[in-house]
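K.L.:
The structure's right below; bear with me while I get my questions together.
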Amino acid sequence: MPAPNKPHRQSLRRKARNRPIIAESRRVVARARRALTDGPKSEESAHAVDAAVQMLAKAAKKGVIHKKNASRRISRLRKAQNKVTA
C-alpha cells in the first residue's frame, strides 16, 4: 500500500522541477514587454520577443505550462510587437 504522503512528495518534486522554468519564462516575457514599451528598436525588441516565444514554447513542450496558455501568451506578445512596429 503506498504511503499516504507520496502524492505530496511527488508534487514537491514536480514543483521543484517546474519552478525555475516558470520563473525564467516570466523574466524573459517581462524583458520582451519592456523592450517593446521602451520603443521599437527593431533589432533589440525583435530578439527579446523571439527569446520569449522560444521560452514559452519550450515550457509548453515540457508540460510546465499548458499548450494553449503558451499559445495565448505568444499571440499577445506578437500582437503587441506588430502594434509597436506598425
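K.L.:
Separation between the Ala57 and Glu43 pseudo-spin-labels, each 7 Å from Cα along Cα→Cβ, expressed in nm?
P.N.:
Taking the simple label geometry, Ala57 and Glu43 are separated by 2.3 nm.
K.L.:
Follow-up question, since we're still on this one. What is the ratio of the Cα radius of gyration of the chain to 2.2 N^0.38 Å, where N is its residue count, to two decimals?
P.N.:
Relative to the rule-of-thumb radius for its length, the chain sits at 1.39.
K.L.:
Also, I was wondering about something else. Describe numerically, in nm with one decimal, the distance between label points set 7 Å from Cα along Cα→Cβ at Arg78 and at Asp50.
P.N.:
About 1.5 nm, to one decimal.
K.L.:
A further question on this structure: What list of ³J(HN,Hα) couplings, whole Hz, do you get for region 2-16 from phi and the Karplus terms 6.51, -1.76, 1.60, once you set θ to phi - 60° and write x for glycine and proline?
P.N.:
With the stated coefficients, region 2-16 comes to x, 5, x, 9, 4, x, 5, 4, 5, 5, 5, 5, 4, 4, 5 Hz.
K.L.:
Taking 8 Å as the Cα distance limit and 6 or more residues as the minimum spacing, I'd like the relative contact order of the chain as a percentage.
P.N.:
29 percent
K.L.:
Beyond 12 Å, what percent of the Cα pairs of region 1-48 remain?
P.N.:
69 percent
K.L.:
When the Karplus curve 6.51 cos²θ - 1.76 cosθ + 1.60 is applied with θ = phi - 60°, which whole-Hz ³J(HN,Hα) does each residue of region 27-34 get, with x for Gly and Pro?
P.N.:
5, 5, 5, 5, 4, 5, 4, 4
K.L.:
I need the phi-derived Karplus couplings for region 44-56: 6.51 cos²θ - 1.76 cosθ + 1.60, θ = phi - 60°, integer Hz, Gly and Pro marked x.
P.N.:
Result, rounded to whole Hz: 5, 5, 5, 5, 5, 5, 4, 5, 5, 4, 4, 5, 5.
Every read-out reported here was derived from the displayed coordinates using simple, explicitly stated rules and does not represent laboratory data. Nothing here was measured: the structure is a model prediction, and the numbers come from that model. Cβ atoms come from the backbone with ideal geometry, glycine included; neighbour counts cover every protein chain shown.
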